[in-house]
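Take a look at the structure below.
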Amino acid sequence: MFISIITPVYNREKEIKVLYESIVDNDKELLLKTEWIIVDDGSVDNIKGVINEFIADDRLVIKYIKKENGGKHTALNVGFSHARGEYITIIDSDDYLLPNGLDIIIKNSYSSISIFKHAITQSSDFKKKLYTLDEFLGIRGDRLFVFKRDILIKYQFPEHQNEKFVTESVVFNKIFYMEKANCFNYEVVSGEYLPNGLSDSYQKLLKNSPLGVFDLIDTNLKFDMLTTEILKQTAFHFAAIFTIKNIYKVLVKYPLSKSIRLILATAYVLIKRSLKN
């Protein structure tokens, strides 16, 4: 098996057929190299019945795994452990492969990490094959990542009791810091942001997941240099839990040169938001 497509789902019975059709609308030769792993994060709709119909079509190797609701990051950990492909990519249930997208992905995934464009964002910053972590964080818009399976098995998402969100950057930033990525100026997926999805409720999720936010702070502030883009990303997330208690925690845990910069940058984010509103 060459590639495992992992799709975490929560109540997406009406949307997921578009993704399914975009996968199976490929040559049989490509489908023989592909498996689709759907991890159901505690859905209460009829998505299991919909997936069973896909499985009955017998056009693609499909694994359906149901688990208790714990958040997208926990569903990804489960998906990684069940993947048998040499490479793994994550495609959300509100996205779909573009024509020739699967072919482009398979032909160009030959290194530890490959990054492709998401058509919905039309990022003009996506111009070259190799990026530093700081340059990568500066690329605007969504992207599709393809990782060697062994890398994702090594870097699992942290899980916290009573919290249901950890941003993917907690793991991805570590990987990009350690491994070189090939960035391709090819659009391979598209989609839309749906109501009640992660994008729609991001700030609320961060506020309710302080330990998850600190996972990102811990990842980013342990890099040798706190570069501008890393600082921006960290401040954006820290703003959701910017309290006296958490400010003190940052000051105590991390070098003063980094913690002061983060606190000032986060205050700037919050001031800018208040002026905008």
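The values are calculated or read from the model by the stated rules, or taken from the named source; none is laboratory data. No experiment lies behind these values; they were computed from the predicted model shown. All Cβ positions, even for glycine, are placed from backbone atoms using ideal geometry, and neighbour counts span all protein chains on display.
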- Task: Output the qualifying pairs, or none if there are none: Cβ atoms under 7 angstrom, residues six or more apart or on different chains, first residue in region 33-49 and in the same structural domain as GLY79 (by TED's automatic domain parsing) and surrounded by fewer than 22 Cβ atoms within 10 Å (Cβ to Cβ), second residue among the acidic types (Asp, Glu) and in a loop (DSSP other than H, G, I, E, B).
- Result: GLY42/GLU68; ASP45/GLU13; ASN46/GLU13
- Query: Do we find a residue being in a loop (DSSP other than H, G, I, E, B), more than 12 Å from PHE184 (Cα to Cα) and within 16 Å of the chain's Cα centre (by Cα) anywhere in region 93-111?
  - Reply: yes
- Task: Answer yes or no as to whether PHE116 is farther than 21 Å from GLU86 by Cα and among the aromatic types (Phe, Trp, Tyr).
- Result: no
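What are the residues in region 46-80 that are on the phi > 0 side of the Ramachandran plot and under 20 Å from the mean Cα position of the chain (by Cα), if any?
Within region 46-80, GLY71 is the sole residue that qualifies.
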- When region 153-172 is examined, which residues are found to be assigned to a helix (DSSP H, G or I) and modelled with pLDDT under 95? ILE153, LYS154
- Item | Of all residues in region 162-177 being free of Cβ contacts under 8 Å to residues at least 60 places away in the same chain and surrounded by fewer than 18 Cβ atoms within 10 Å (Cβ to Cβ), the one that is nearest to SER209 (Cα to Cα) | ASN162
- Residue list for region 116-145, restricted to those being closer than 21 Å to THR219 by Cα and out of contact with any His (no Cβ under 8 Å at 6 or more places or on another chain): TYR131, THR132, LEU133, ASP134, GLU135, PHE136, LEU137, GLY138, ILE139, ARG140, PHE145
- Restrict the check to region 44-60 and report whether at least one residue is in contact with a Gly (Cβ under 9 Å, 6 or more places away or on another chain) and charged (D, E, K, R). no
- Message: Going residue by residue through region 210-231, is there one that turns out to be more than 18 Å from the chain's Cα centre (by Cα), β-branched (Val, Ile, Thr), part of a helix (DSSP H, G or I) and crowded, with 16+ Cβ neighbours inside 10 Å?
- Response: no
- Of the conditions (1) surrounded by 22 or more Cβ atoms within 10 Å (Cβ to Cβ); (2) farther than 20 Å from PHE157 by Cα; (3) free of Cβ contacts under 8 Å to residues at least 60 places away in the same chain, LEU97 clears all except one; give me its number. (3)
- Hey, could you check region 70-86 for residues that are within 11 Å of ILE153 (Cα to Cα) and either among the hydrophobic types (A, V, I, L, M, F, W, C) or in contact with a strand residue (DSSP E or B) (Cβ under 6 Å, 6 or more places away or on another chain) (or both) and say which is surrounded by the fewest Cβ atoms within 10 Å (Cβ to Cβ)? HIS82
- Report yes if TYR186 is more than 19 Å from VAL78 (Cα to Cα), part of a strand (DSSP E or B) and either assigned by TED's automatic domain parsing to the domain that holds LEU102 or free of Cβ contacts under 8 Å to residues at least 12 places away in the same chain (or both), otherwise no. yes
